[in-house]
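Below: the structure, in structure tokens.
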Amino acid sequence: MAATHQIRRILEENRTIAMVGLSARWHRPSYFAAKYLLDHGYAVIPVNPNHDSVLDQACYPDLESIPCRVDLVDLFQRAESTPDYARRAVAIGARAVWLQLGITHEETRRICAGASLDYVENRCMKIEHSRIFGGLNFIGVNTGIISSARLKTIAN
């Protein structure tokens with residue numbers, strides 16, 4: 001699993017994101033993630049054969065149809081389809097592959113490692129960006145970095 005410093009580097013270095021499976025439905029997680037990333041200066045390229053555009057961005061049917069360089073391929077796909085997308089990411093010259101929350105796949109991990117691509121699984125780009133760069137807030141509280149590590153306490 002990618003460490004926080006690795007995720008920070010990936011998010012800083014990769015600014016053009018092909019989001020495979022981006023939905024045009026405003027209530028879907030992919031839509032929220034894409035909107036957040038667009039609002040934070042990333043170029044988001046929707047990849048979904050069912051739409052012409054999403055969030056006012058031209059939508060492409062597959063990775064190979066994208067006319068510009070893609071830094072990172074973000075997959076909102078079922079685990080079993082991710083190895084094929086990892087191979088496609090390698091073929092188009094992407095530098096990283098990201099699998100969303102709940103998605104892991106050993107073959108995808110091996111494909112990325114074999115091609116020296118950065119790889120993140122079981123994480124949400126929106127959540128990780130917010131956590132690392134201080135965007136998580138609730139009722140005006142902005143803590144900067146949030147950690148799931150428990151504080152050590154001394155019991156008497």
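Where a number appears in this text, it was derived from the coordinates with a stated rule and is not lab data. Computed from a predicted model, the values in this text were never measured in an experiment. Using ideal geometry, Cβ is built from the backbone for each residue, glycine included, and neighbour counts are taken over all protein chains shown.
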Normalised contact order of region 4-142, rounded percent, pairs of Cα under 8 Å and 6 or more residues apart: 21 percent
With θ set to phi - 60° and the Karplus curve 6.51 cos²θ - 1.76 cosθ + 1.60, what are the ³J(HN,Hα) couplings of region 32-43 in order, to the nearest whole Hz, using x for Gly and Pro? 4, 5, 5, 4, 4, 5, 4, 5, 10, x, 7, 8
Quick one: what Rg and Dmax do you get for region 4-142 from the alpha carbons, in Å? 14.2, 44
For Arg25, project a label point 7 Å along Cα to C-beta. Then give me every residue of region 65-100 with its amide nitrogen under 16 Å of that point. 76-78
Suppose each label sits 7 Å from its Cα in the direction of the beta carbon; what would the Thr104-Arg78 distance come out to in nanometres? 2.0 nm
222 nm [θ] for the chain, helices only, -39500 (n - 2.57) per DSSP H run of 4+, per residue, to 500? -9500 deg cm²/dmol
Return the long-range amide H neighbours of Ile45 (sequence gap of 5 or more, or a different chain), with a cut-off of under 5 Å between placed amide H atoms. Ile17, Ala18, Met19
Distance in nm between label sites at Arg15 and Leu55, each 7 Å beyond Cα in the beta-carbon direction? 1.7 nm
